[in-house]
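The values are calculated or read from the model by the stated rules, or taken from the named source; none is laboratory data. Remember, it's a predicted structure, so these values are computed and weren't measured experimentally. Positions of Cβ are generated from backbone atoms using ideal geometry, with glycine treated the same way; all protein chains shown enter the neighbour counts. Heads up: the accessible areas ignore ligands, DNA and RNA and are worked out on the full protein's heavy atoms, side chains in. Shrake-Rupley method; radii C 1.70, N 1.55, O 1.52, S 1.80 Å.
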Amino acid sequence: MTDRLWLRTVVGLLAGIFAAAAVVVYLGISQRELVASLHGVAEQPLFLAAVGGLVLMALQALRWWVVMRPVLDLRYGQAFRAMMVGFFFNVLLPARGGDLLRVQYLGKRTGLSRAKLLGTEIVDFWSDKWGWVASFPIVCLLGSPPSWLFRAVLLMGGLVLGIGILLALMASGLLRRGPRWLTNLRDGFAANHWKRLLVVETVIAPLPWLWETLVIVVAGHAVGLDLSTMQAFAALTAFNIATTVPSPGNAGSFEAGGTLALTAFGVPKETALAFIFLYHLTQVVPGFVGGVLVLVLEGETLFGKQSLFSHRRPELLPERELVPEVAVQPDAG
């Protein structure tokens, strides 16, 4: 199992690197000019982007917390730390393997069905993509989208609508037959009442997308880019589409998608790649370090259990099993 996991990780990483290399060759990016564009980078916008990345994770944790609560009553602080740990493993594993590990861990520690937890995880993933579509009309109030962006969001909207209908049908109980795991999965879909989901989809889900659009605008000043809201949202859309390449931490695929989007707006290709690379670091490093700190400092106390790293006190035997001490008598002879 471990060997296969490592193989998938390596293959995913190579796929991401190949995507980035293909874009470099396709655009004819000069290595010398790329390095030159990294000189004189302003540090403050990147610092603000890193802080903004932590706020982004807090908003994503809020969405996940609201969706998960009908199944698992976590405090928001626990949900945020769990999101950070999941992000840590997403950086190391391909295809968002950290999210699956979070489901596995929650099921093991709480005794809840992993299929039911996975059902709520799928609802949260669907909510995230719905927030992407729902935020698009808001961004359009601030600028006109390019044709490719409109088609991409329209396609995503169709997929979100189709998956939403499928989830609703499964949650309704129309398809009652099936193995136990499928029943638990349906229970996970049906755990959220429509009123709760309405709040998630209309109020909470768009917030991470709108916030990250603003963060990209701010971060662009690090390399002298004055990006509009629509340009930032287009870059956000592009590198999210590129995450279909299952690279750990979206390495390579992130840079490929974002660079293509910015060059389409006339941004110099070397500057575009340098910016996307730096922005990617501001989003990965704080969350990765935060996940390490949570694991080291809290371990399994993340969900109310004993710390993985604390020294366990030796267990005492019940009194009836204790062996009474025998007094040592002096030798008479």
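Brief remarks follow.
- Qualifying residue in the range 150-166 (condition: over 22 Å from Arg63 (Cα atoms) and among the basic types (Lys, Arg)): yes
- Of the residues Thr213, Thr263, the single one that is in a helix (DSSP H, G or I), among the hydroxyl-bearing types (Ser, Thr, Tyr), open to solvent by 30 Å² or more (accessible area, probe 1.4 Å) and touching a residue at least 40 places away in the same chain (Cβ under 8 Å) is Thr263.
- Scanning the range 19-59 for residues that are out of contact with any helix residue (DSSP H, G or I) (no Cβ under 7 Å at 6 or more places or on another chain) and modelled with pLDDT under 95 yields Gln31, Arg32, Val35, Ala36, His39, Gly40.
- Residues in the range 123-135 that are open to solvent by 20 Å² or more (accessible area, probe 1.4 Å) and either more than 26 Å from Ala171 (Cβ to Cβ) or hydrophobic (A, V, I, L, M, F, W, C) (or both): 5 in all.
- Which numbered condition Gly143 fails, given (1) modelled with pLDDT of 95 or more; (2) loosely packed, with under 15 Cβ neighbours inside 10 Å; (3) in contact with a Ser or Thr (Cβ under 8 Å, 6 or more places away or on another chain): (1)
- A count restricted to the range 73-88 and to residues that are surrounded by fewer than 19 Cβ atoms within 10 Å (Cβ to Cβ) and either touching a Ser or Thr at 6+ places or on another chain (Cβ under 8 Å) or touching a residue at least 12 places away in the same chain (Cβ under 8 Å) (or both) stands at 2.
- Within the range 55-87, the residues that satisfy the criterion of being part of a helix (DSSP H, G or I) and of a type in the set (Lys, Arg) are Arg63, Arg81.
- A single member of Ile29, Ile17 is part of a loop (DSSP other than H, G, I, E, B) and more than 25 Å from Leu293 (Cα to Cα), and it is Ile29.
- Reported count of residues in the range 59-78, each being within 20 Å of Tyr105 (Cα to Cα), under 13 Å from the mean Cα position of the chain (by Cα) and among the aliphatic types (A, V, I, L, M), is 2.
- Condition check for Gly158: in contact (Cβ under 8 Å) with a residue 12 or more places away in the chain, within 23 Å of the chain's Cα centre (by Cα) and either open to solvent by 50 Å² or more (accessible area, probe 1.4 Å) or farther than 22 Å from Val23 by Cβ (or both): no
- Filter result for Leu182 (out of contact with any Cys (no Cβ under 6 Å at 6 or more places or on another chain), under 30 Å from Phe47 (Cβ atoms), in a helix (DSSP H, G or I) and open to solvent by 20 Å² or more (accessible area, probe 1.4 Å)): no
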